[in-house]
Amino acid sequence: PPTLGAPAMRLATRLFFSHVLAVTLGVGMSLALLLVGARSAMVENQRKFEREQLDKFVVAAHEAAQDKKKKALRRFMTRALWDESVVLAVYNHAPSKTRLAEPPQRLDEGLALLERFEGLSKPMIRKTSRGRLRFWWAKVKLPGKDQGQVGLAYDLEKRNAQLLDQLKAWAWPLAWALGAALLVGAVLAWFLARQLAKPLQAIARGIHLVRE
């Protein structure tokens, strides 16, 4: 006698594919949600890092103004550009007519950005012929009533490329882990489908015995 009738086999197959579909949708949605959450966290970390760099720039400018050591400030600005996404660092102290920029050939552009976004505590997006920039502005408090200004400009295309590289490095291990979970889910779905089809299997056996 057959161990599993045709109706039981069809039921087990339908149950298997329905469970596999549910597991696949669950894994896919989990992956999408995790990637969206990871991207949001990475964007926030990027902004936090940029804010910290601006704060360090303010400290360096303040120390340079007090000690009258422009070389130290210039050194900080040069190091800031080691990050390829930083395309401009600018400092302006109008009373002493001290104006510095890295790279030096973008001084006029930097001064224009300082003037345009003066007083803004949040970064602003600026479209230029070289692409879109995210510009950070900050005030440098100096002894007396003197005040200076600093600014950092980030290339958004390069920042987004860095973000994508981070997501890729993070997503592949996650995809493998979720793929393994999908495989385990498929095995469990097949086992569960067979278990749920056993009552129909028993009926099929009974019918076979009655016919005999």
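The values are calculated or read from the model by the stated rules, or taken from the named source; none is laboratory data. Because the structure is predicted, anything quoted here is derived from the model rather than measured. Reconstructed Cβ throughout: ideal geometry from the backbone, glycine too, with neighbour counts over all protein chains shown. Quick note on the areas: whole protein, heavy atoms, side chains included, nothing else; ligands and nucleic acids left out. Shrake-Rupley method; radii C 1.70, N 1.55, O 1.52, S 1.80 Å.
All Cα-Cα distances of region 35-148, cut into 5 Å bins from zero to the largest, leave 2, 11, 21, 25, 20, 11, 6, 3, 1, 1 percent in each bin in turn.
Restricting region 72-163 to chymotrypsin sites (Phe, Trp or Tyr not before Pro) that sit in a DSSP loop and have at most 13 other Cβ atoms within 10 Å of their own Cβ leaves 82.
Evaluate E = 1/(1 + (r/R0)^6) for residue 97 and residue 63, where r is the Cβ-Cβ distance and R0 equals 22 Å; express this FRET efficiency to the nearest 0.05. Each step should come with its number before you reach the end.
On the way: r = 19 Å, r/R0 = 0.88.
After rounding to 0.05, the efficiency reads 0.70.
With a 1.4 Å probe and every protein chain left in place, work out the accessible area per residue of region 76-121 in Å², rounded to a whole number. Please report the intermediate quantities before stating the final value.
Working: 2480 Å² over 46 residues.
About 54 Å² of surface per residue is accessible.
For the listed residue pairs 56/127; 71/168; 97/158, the alpha carbons are over 30 angstrom apart in 71/168; 97/158.
Just subtract the alpha-carbon distance of residue 21 and residue 124 from 0.36 nm times their residue separation and send over the number in nm, one decimal. All intermediate terms of the calculation are to be shown ahead of the outcome.
Working: separation 103, 0.36 × 103 = 37.08 nm, distance 4.51 nm.
Gain on extension, residue 21 to residue 124, equals 32.6 nm.
For region 84-122, GluC sites (Glu not before Pro) are listed when DSSP marks them as loop and at most 13 other Cβ atoms sit within 10 Å of their Cβ; the list is 84, 118. Normalised by residue count, region 45-95 yields a Cα convex hull volume of 74 Å³ per residue.
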